[in-house]
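Undergrad: Quick one: this structure, given as structure tokens, is what I'll be asking you about.
Nothing in this text is a laboratory measurement; each read-out follows from the coordinates by a stated rule. Here the structure is a predicted model, which is why all the values come from computation and not from measurement. Please note: Cβ atoms are built from the backbone with ideal geometry, for glycine as well, and neighbour counts cover all protein chains shown.
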Amino acid sequence: MHFGITDVPVLLVLVVMRLQLCSCMKYTCTLGPNGLCMFQGVLIESAEQAQDVQLEAPGSGEVTRVKFHDSNMYVLPTRLYTAFHQLQELRVWWVHLHSIHIDARLLTLDAVKNHISTITTDGDVVPALRKLELNQNRLRNIDNISQFENLEVLELAKNDLRTLDLCVFGRMQKLRLLDLSSNNLALVRSSLPASDKLPALTALYLNDNRLTYLDLGVLRTFPALEKVYLANNALVYVDYDQLPAALPRMRIFHLHTNDWHCEALVDLVAHLRKAGVQDFKTFSAFNCKDRSVEGICCTENRPFALVRKSSRYLAHYATELNGHTRHLMRELQHTRHELSRLSASDNFTQTALQNLGDEVEDLRNQLTDVLVSAGNDQPPPPATVAPSAGGPARESARPGKQGRPGGSLDPERLAAEVAKMRREVQKVTGDNQTLRQQLRQYDKLKQELDTLRTDTDETKLTLQLIKEENALLKQELQQLHQKFQQLFTRAPAV
């Protein structure tokens, strides 16, 4: 077959159509006996390429479970949730995802062993997700995870979380298991009010992190807690003063493989036994450097008492500082309310004064009109009669005393009304001055509150510096203890 020059446009059109067809990648999943539809070999190298991927089911039936296997995807295919309207379970294991979007209808998501650092969802709908597994990813921030109010199981092990406030889980009333193990957590705290509880949480995993201190008061909002795992951290002691007195279901509290001081460990174990805890370790240690308590290694570091006392003092001081700050915030809110009320009263007073001034002006105009009318109604001056030849000139008879013109003007009543209005003006003016004085007092109080807030921030900074110095002191004490041990070890040889 031969092509001429006239066939070139046709060939170009065919090539373009072929390229367009090839640019849209289509994949069909394989339906297994368990109802899981599996995609294999899906390749998505960019977010733009994800828009060109088409997904299809093998038959006409609705698919509720989808899995991606042996694939390489930067993000999920854009049309995934539109292609499978009834999707309830999604598995994307080890497919190199960098971010993931969770549809509001999804019930289970298993996305372990990826590179996920961001999670997105539809902001205007509460997701129905019940189980979320994101182990072995690259999450550093999980503030938006509070949207998943229906979660029952949340697994975030082996990510890169550094600090955590348990308040992000405050809306998850159905959460039963929370796994935060094998992260880089150095600080765990809770700003949840005591009244906000997670009534269903039974297991909390904080093992294999970098915790050196923990306030067990964070457990006060988990009344159904049964298991707590704190093994393989760097804990020297924990503050159990705020530990809830009644955790009736607590049975497992793993403490092994930490840097416990023996005195603190003995006190903690005794306190936990009173609370009903029965299991403190996965295994018993046999080669402890100093001694063991309940099969858990600890060290007899004498200077630790000073560090512990200092840390307790700092914790107590921080608690008092937080309480003082909350009190100041309440006072500031009350002051703002009073300022708003005074401002409204001042506006009302200004309006009343304006209205009163308008009424005075109207009365003044009426008085002026009355006086002008009275002047116009007076009789003309007495006439002079021309002198006659028989004698001198005579003035005409003078009229009697002038009466009130038409009886329409009462000066006494008018003077009383003016005096009354003047007293009212003086009273309102006095009230206005009093309100202005109170407003100035509240402005002064607001400035004092701002000064106290600044002092509070400076105190917090000072507290943080003291904590850092305390940590350095602890390290120096440990180094000193090691040097003493080395010295005592070498002494027999000498």
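Undergrad: List the aspartates and glutamates whose Cα sits under 19 Å from the Cα of K474, skipping any in the same chain fewer than 8 residues away.
TA: Within reach: D215, D239, D259, E263, D290, E300.
Undergrad: I've got another one for you. Please identify the trypsin sites (Lys or Arg not before Pro) of the stretch 324-354 that satisfy two criteria: DSSP loop assignment and at most 10 other Cβ atoms within 10 Å. Which are they? It would help to have the intermediate numbers written out before the result.
TA: Values: sites: R326, R330, R336, R341; in loops: none.
Those that pass, being in a loop and sparsely packed, number zero.
Undergrad: Under 29 Å Cα-Cα from K113, which lysines qualify once same-chain neighbours fewer than 8 residues away are excluded?
TA: Of all the lysines, those that pass the test against K113 - Cα under 29 Å, at least 8 places apart if same chain - are K26, K67, K131, K158, K174, K227, K281.
Undergrad: Sort 350-359, 134-143, 230-239, 31-40 for me by packing, meaning the mean count of neighbouring Cβ atoms within 10 Å per residue, highest on top. Show your work: numbers first, answer last.
TA: On the way: 350-359: 12.1, 134-143: 16.7, 230-239: 20.6, 31-40: 13.7.
Most protected by this proxy first, the peptides run 230-239, 134-143, 31-40, 350-359.
Undergrad: Peptides 413-419, 147-153: what's the order by average Cβ count within 10 Å, highest mean first?
TA: Working: 413-419: 11.6, 147-153: 18.1.
Taking the mean over residues of other Cβ atoms within 10 Å, the ranking is 147-153, 413-419.
Undergrad: Okay, next question. Rounded, prolate or oblate: which fits the stretch 51-106 when a ≥ b ≥ c are the square roots of the eigenvalues of the alpha-carbon gyration tensor, with rounded for a/c under 1.5 and prolate only if a/b beats b/c? Please list the in-between numbers first.
TA: Details: a/c = 1.58, a/b = 1.45, b/c = 1.09.
Prolate shape, in that a/c is at least 1.5 and a/b is the bigger ratio.
Undergrad: I'd like to compare 52-62, 252-262: which one has the highest average count of other Cβ atoms within 10 Å, and what's the full order after that?
TA: Values: 52-62: 13.3, 252-262: 21.3.
Packing order, densest peptide first, comes out as 252-262, 52-62.
Undergrad: Tell me which residues come under 5 Å, amide H to amide H, from K67 once H is placed; ignore anything under 5 positions away on its chain.
TA: Those lying under 5 Å, H to H, from K67 are C37, M38, F39, R91.
Undergrad: Using the Karplus curve 6.51 cos²θ - 1.76 cosθ + 1.60 with θ = phi - 60°, what ³J(HN,Hα) values do you get for each residue of the stretch 84-99, in whole Hz, with x for Gly and Pro?
TA: 10, 5, 9, 5, 10, 10, 10, 10, 9, 8, 6, 10, 6, 5, 9, 8
Undergrad: OK, next. For the stretch 32-168, compute the orientation-averaged projected area of the C-alpha convex hull (one quarter of its surface), in nm². Provide the component values of the computation, followed by the final result.
TA: Values: hull surface 33.7 nm².
Seen from a random direction, the Cα hull of the stretch 32-168 projects 8.4 nm² on average.
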